[in-house]
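Participant: One structure follows; several queries about it will come next.
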Amino acid sequence: MACFMFALPHFAVPAGATYRPPAASIFLLLWAFFMMLQPGSIRMKLADPGGLRRLLIVFFLYCIVSAVYGYLNLAGQGLAILQLTTGDVFYPRVSAERLLQLLLVIVAFEVVRNSSHDYRRMMRWWLIGTTGAVVLHAFTYLITSDFLLQRAGTFNEGNLAGLYYLLSVFVALEYQRIAPDGRGRWHFLLIAMAGMLLSRSAAGVVVLVFLLSAKFAFKPARPSSRVMRLLLVFLLIPSIGIGLANVGLDFGISEKLFEEDVTPNSFSRIDRLESIRGALQLFGDAPVWGQGLQTYGFLSNDLIEGPLLTYYDESYRRIANNIYAELGAELGAVGLLLFSAFLASMIRQVLKRGGAGRVNWLMGVLGVLLYWNAFPTYSVVFIWGYFGMMLKSLPLQQAKRPSSSLDRVFT
């Protein structure tokens, strides 16, 4: 389990080649292979609070059916092979890879939440893994001047790094709350925030500021103190943001979010908006069942409009870059409902049994849900490892009714 937690942030050699698949997925494949040699050693709890395992299995089976439908859909249009300037991409291989990724994240989720290890130890292993990733990420800045490689560090891209470090911030906050004798009080939190800065993820910084501001503003206090905190947040955060933008220390966030012309910084936002527009168009054409698992990249090229027509060179398979738009376009309303049912049931379990730590855990979940508006895929292992660790932390007994303002907001 420690090795698995250490491997979670490793998707690539710093400033070098990417792992295919990522290190944590390789670890899971090796673990599954050795477990098949000793099937009698596998133990799984039959209890399934909230029906989470059943919901994931149903979603996975639906994805298998959707992959078959997707092939028939594309083959009927003569689009089952995507011809790029870098080579042909075959739909069966792409859909099979996604099904394998889904199987791995389900295994990761079940292995972590059913682990015999204490969740405090798992949190510490996660944070030690974060520390190693940040050290290597900083080293990347010394060995390359490539902006994208610097942002990525040990990940494929800066966005993945940003979400991992965002989750690490809330793991560090929860570990700080439960750590005996104040151990781990600040250094893990500072390390995770340093990683966020190294990733230079605009989405990560914006979401982190929003969540920490909400945590501060809704902290239980007298009504007058709460009002003062809200006013402080609404006045201070925009003022700091404007000040940093004026002196050029906002990591290009203002240009990324507000620049209308296509620039190196604004391109990602414009590309994402165009990708989402195309996904919504595909969803509108098949709103119930969708176009089929992983069909977006095979159908979206003919939907590109605006300035991106000048830049897209048919050299790569496009992605929706928005999880909700991707699910809607590929799996339709049925897939969206199944996926949402799992998330809703998981959040309900944390609200019912999460105890004092539920705020930190749910902040991380909310960070994922917000981040998924500008994220490449929902099949990233560290996200599901976080979900599993969160559920592992839940006490067996029913928690008391939530009393803080923030708890009531989540409820």
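Participant: Counting other C-beta atoms within 10 Å, which of Thr131, Thr140, Thr86, Thr18 has the fewest, and how do the rest follow?
Facilitator: Placing the least packed residue first, the sequence is Thr86, Thr18, Thr131, Thr140.
Participant: Can I ask one more? Sorted from fewest to most neighbouring beta carbons within 10 Å, what does the list Trp372, Trp289, Trp186 look like? Walk me through the numbers on the way to the answer.
Facilitator: Working: Trp372 21, Trp289 18, Trp186 10.
Least crowded to most crowded, the residues run Trp186, Trp289, Trp372.
Participant: Treating only the Cβ of Lys, Arg, Asp and Glu as charged (+1, +1, -1, -1), what charge dipole size does the range 276-385 show about its Cα centre? Round to the nearest 20 debye. Could you put the intermediate results ahead of the total?
Facilitator: Values: 7 positive and 7 negative charges, 166 e Å.
For this selection, approximately 800 debye.
Participant: A further question on this structure: Quick one: order Val365, Val65 by neighbouring beta-carbon count within 10 Å, fewest to most. Intermediate values should be presented prior to the final figure.
Facilitator: Numbers: Val365 21, Val65 14.
Sorted ascending by nearby Cβ count, the order is Val65, Val365.
Participant: Taking H placed 1.01 Å from N in the peptide plane, check which residues at least 5 places from Leu84 or on another chain put their amide H under 5 Å from its amide H.
Facilitator: Result for Leu84 returns Val89.
Participant: Okay, next question. Rounded to the nearest 0.05, what FRET efficiency do Met1 and Arg177 give with R0 = 25 Å and r taken as the Cβ-Cβ distance? Could you check?
Facilitator: Values: r = 22 Å, r/R0 = 0.86.
E(calc), rounded to 0.05, equals 0.70.
Just so you know, all these numbers are worked out from the coordinates, no wet-lab data involved. Keep in mind that what you see is a predicted model, and the values were worked out from it rather than measured. Positions of Cβ are generated from backbone atoms using ideal geometry, with glycine treated the same way; all protein chains shown enter the neighbour counts.
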